[in-house]
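Undergrad: To start, I am sharing the structure in question, which I have written as structure tokens.
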Amino acid sequence: MEPFDPNNDFLSETTKVATSTWTNNTNKLTSAITASTQAVFTTATSSGAFFVDVHNDATTSSVQYSVAYGHKAGSGSLAFNASAPSYSPTSVIYNQYRQLIYGDSTTNFSFNGYTPDDIYVINVNRSRYKHNLKPGTLNLFLGSGSATTVAGKASTLHLTDDSITTTGSAIITNAGRQFNIVSGSSGVMSGSTLTGNHPADSGSYGFFYPDSGFMILNPSALSFHLSGGVVNTAPAFDSGSYGALTPQIASNTANNNHLKLLKSIDSGSNFEIDSEEKVSAQYYFARVKNRSYNYSSNPTFRDSSGNLVYSDMESNPKVYITTVGLYDTPGNLIAVAKLSQPIAKEFSKEALIRIKLDY
Amino acid sequence: MGYLDNSSITVDAILTKKGRELLSKGEFNITHFALADDEIDYALYNINHPDGTQFAGQAIENMPILEAFPDENNMMRHKLVTLNRNSTKIPIISNISNLEKSRNGDITITPKTDYLNGGATTGQIETNYIITVADRRLFQSLDAGAGNVINTDTYSDGTAVSATATGQSFNLVTTNSTSIFGTNTSLITTVTIEGKDTGARKTIAITINKESTGGSGTSGGTSAGSTASGY
């Protein structure tokens, strides 16, 4: 074994790697597929009453993200007990995200000065976003499906975050950085106001929390700007007829408003966002000098008496490097690297092998 | 005019099982490297190649190499060694051979090296030897001398992980536990001795009997047991 020179042979490097968030490095999800085993809404404690998981496809299903709806008074879902209607899945969702972001049970979500009673949530699966979602890569289209087009409203909303338009302006919350969700694309806001070209009486579209992997959307703003908002039919999960994104807020009733958001995402056919991770690598430089490592302990290199198999090699031995072992001082083999092809080593040759160890 | 090749070779390393264990204990510190030619069969070196001696290594040089294994006991088995030019011999570990032992028994291993510097002298001693016990659960302790004692069963989490120590003579105490045997009457593990100066390596098998049946206890000098498995 040969010691490394700590001043010259070690190098630590950290690089940021961005990849598509979705399974198989798919650039964007064009549909929202659910699983009947999870999307169950029969009782207040059914998991589907709280959130619905969205998969990338129907066969090799892997959860990509979840959608949820929260109401601070517990409306829009069955109550856990009819005598206490404010304790329901929607109030659980609202309080859960409020506590996560604001750390208390009194602050309400306020979107550019407007404070609705409810929120939509898109929560990206933890395993999909690695260290964090990458600001400036969000392109989420919300469609209105077959709902009647209404004058002055968009049939599709193109949402992104404002991280590029307002670079460095993120607010730091208990859930990490917070950016506004705005109309635009790839981190660039279209127009000059958070509410787009419409009057700001319903607030901004929402907030994006890249470090925690979720988005909080403002139902009022979405409903105001997206066509179909006036239809407001009961959400029928499989029928395709839904009232855009206007929530229904009956007490102790399973309105399943998060399915409206799900349908709208499916109708928009474009959910694109990248994720980031920091990859720390340690490099070790193994310098193989001309006079070193020219013989081998390989049993095929010698006979049982220790003689070289090829006598011609006594003066000019030739061996082949296939493996580099990294050791600690006591002699433990703690990392190992293999070359793709053997490298010939003899007295007239030197080699520099760079070994990369990722953490 | 051609371009000079100024590139270095870059390879990705993986952690061994031992490396992961040390990383989890905060004892991960790489300080040395070594080279090996595992997988190379020098019988493929064709000194009578019809196209000339410069093609003698053609078969070896075109060999696709397997990916690394995470088991530290199965990697770096055949190290490249540094010897003076015109050496006629390759160093070999000697004075150790296979052993059979009962539970709670002492084993002494005192390795030597033949042809230490590529010459013909036998029975020499290197600066140090590295001993690797493949399954440390089968031993109570590994004493490498000079206070370098590893209580090999202390860190056992139920899986077979190696223990390594450095010294010139080693004392092992076999396990006194019967539970690890299950229904087996004996268990076999390997102990690998490697010369720190030469990279010469020899592996012996140690058989540990569940019930007391006698058996030899010393590997070095007057060792008993069957013939060495070594190389």
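Undergrad: Enter the accessible area per residue of the protein assembly as shown (Å², integer; probe 1.4 Å; all protein chains in place). Mind dumping the intermediate values first?
TA: Working: 25190 Å² over 590 residues.
I get 43 Å² per residue for the protein assembly as shown.
Undergrad: How much mean residue ellipticity at 222 nm does the protein assembly as shown get from its helices, if each DSSP H run of length 4 or more adds -39500 (n - 2.57) and you divide by all residues, to the nearest 500 deg cm²/dmol? All intermediate terms of the calculation are to be shown ahead of the outcome.
TA: On the way: 6 runs with 48 residues, N = 590.
After summing the helix terms and dividing by residue count, I get -2000 deg cm²/dmol.
Undergrad: Could you state the angle between the C-alpha long axis of helix A:258-268 and the longest principal axis of the C-alpha atoms of chain A, as a value from 0 to 90 degrees rounded to the nearest 10?
TA: Helix A:258-268 sits roughly 70 degrees off the main axis of chain A.
Undergrad: Lys and Arg at +1, Asp and Glu at -1: add these up for the other residues within a Cβ distance under 13 Å of A:Phe109 and post the number.
TA: Working: positive: A:Lys72, A:Arg98; negative: A:Asp104, A:Asp117, A:Asp118.
Value of the local net charge: -1.
Undergrad: Gaussian network model of chain A, Cα springs within a sub-10 Å range: biggest mean-square fluctuation belongs to which of A:Thr14, A:Thr165, A:Thr300?
TA: Greatest mean-square fluctuation among the candidates belongs to A:Thr300.
Undergrad: Considering just Cα atoms, how many Å³ per residue does the convex hull of region A:277-330 enclose? Could you put the intermediate results ahead of the total?
TA: On the way: hull volume 8.0 nm³, N = 54.
Value for region A:277-330: 148 Å³ per residue.
Undergrad: For region B:110-151, what is the convex hull volume of its Cα atoms per residue in Å³? Don't jump to the answer; show the numbers that get you there.
TA: Numbers: hull volume 3.5 nm³, N = 42.
So the per-residue Cα hull volume is 83 Å³.
Undergrad: Please give the net charge around A:Gly74, taking every other residue with its beta carbon less than 12 angstrom from that of A:Gly74, where Lys and Arg add +1 and Asp and Glu add -1.
TA: Once all neighbours under 12 Å are counted, the net charge is -1.
Undergrad: Nearest 100 Å² is fine: what is the total accessible surface buried where chains A and B meet, probe 1.4 Å?
TA: 6500
Undergrad: Now for a separate question. Run the accessible area of the protein assembly as shown with a 1.4 Å probe and give the carbon-and-sulfur part as a rounded percent.
TA: The value for the protein assembly as shown is 48 percent carbon and sulfur by accessible area.
Undergrad: A 30 angstrom limit on the alpha carbon distance is what I want to check against. Which of A:Lys28/B:Lys18; A:Lys278/A:Lys349; B:Lys18/B:Lys210 exceed it?
TA: A:Lys28/B:Lys18; A:Lys278/A:Lys349
Undergrad: Further question: What's the angle, to the nearest 10 degrees (0 to 90), between helix A:89-102's Cα axis and the longest principal axis of chain A?
TA: Between helix and principal axis, roughly 60 degrees.
Undergrad: Starting from the exponent 0.38 and prefactor 2.2 Å, build the expected Rg for the protein assembly as shown from its residue count and divide its actual Cα Rg by it. Can you show the working numbers first?
TA: Details: Rg = 34.0 Å, N = 590, 2.2 N^0.38 = 24.9 Å.
In units of the 2.2 N^0.38 Å rule of thumb, it is 1.37.
Undergrad: Here is a further query. When only alpha-carbon atoms are used, what values of Rg and Dmax, in angstrom, describe region A:38-84?
TA: Rg, Dmax (Cα atoms, Å): 13.0, 42.
Undergrad: A further question on this structure: Given 5 Å bins starting at zero, what is the percent of C-alpha pairs of region A:1-154 in each, up to the one with the largest pair distance?
TA: Spelled out bin by bin, region A:1-154 gives 2, 7, 12, 14, 15, 15, 13, 7, 4, 3, 3, 3, 2, 1, 0, 0 percent.
Undergrad: Per residue and in Å³, how big is the convex hull formed by the alpha-carbon atoms of region A:240-359? Write down the numbers at each step before the final one.
TA: Working: hull volume 33.9 nm³, N = 120.
Enclosed volume per residue, from the Cα hull, is 282 Å³.
Undergrad: Follow-up. What translational D, rounded to a whole number of µm²/s, comes out for region A:300-359 from Stokes-Einstein when the hydrodynamic radius is the Kirkwood one over Cα pairs, at 10 °C and 1.306 mPa s?
TA: The diffusion coefficient I find is 113 µm²/s.
Undergrad: Hey, another quick one. Starting from the 7 Å offset along Cα-to-Cβ, what nm value, one decimal, do you get for the label separation of B:Ala59 and A:Tyr310?
TA: Label at B:Ala59, label at A:Tyr310, 1.1 nm between them.
The values are calculated or read from the model by the stated rules, or taken from the named source; none is laboratory data. Just so we're clear, the structure is a prediction, and the values are computed from it rather than from any experiment. Note that each Cβ is placed from the backbone with ideal geometry, even for glycine, and that neighbours are counted across all protein chains shown. Protein only, heavy atoms only, side chains kept; ligands, DNA and RNA dropped before computing areas. Shrake-Rupley method; radii C 1.70, N 1.55, O 1.52, S 1.80 Å.
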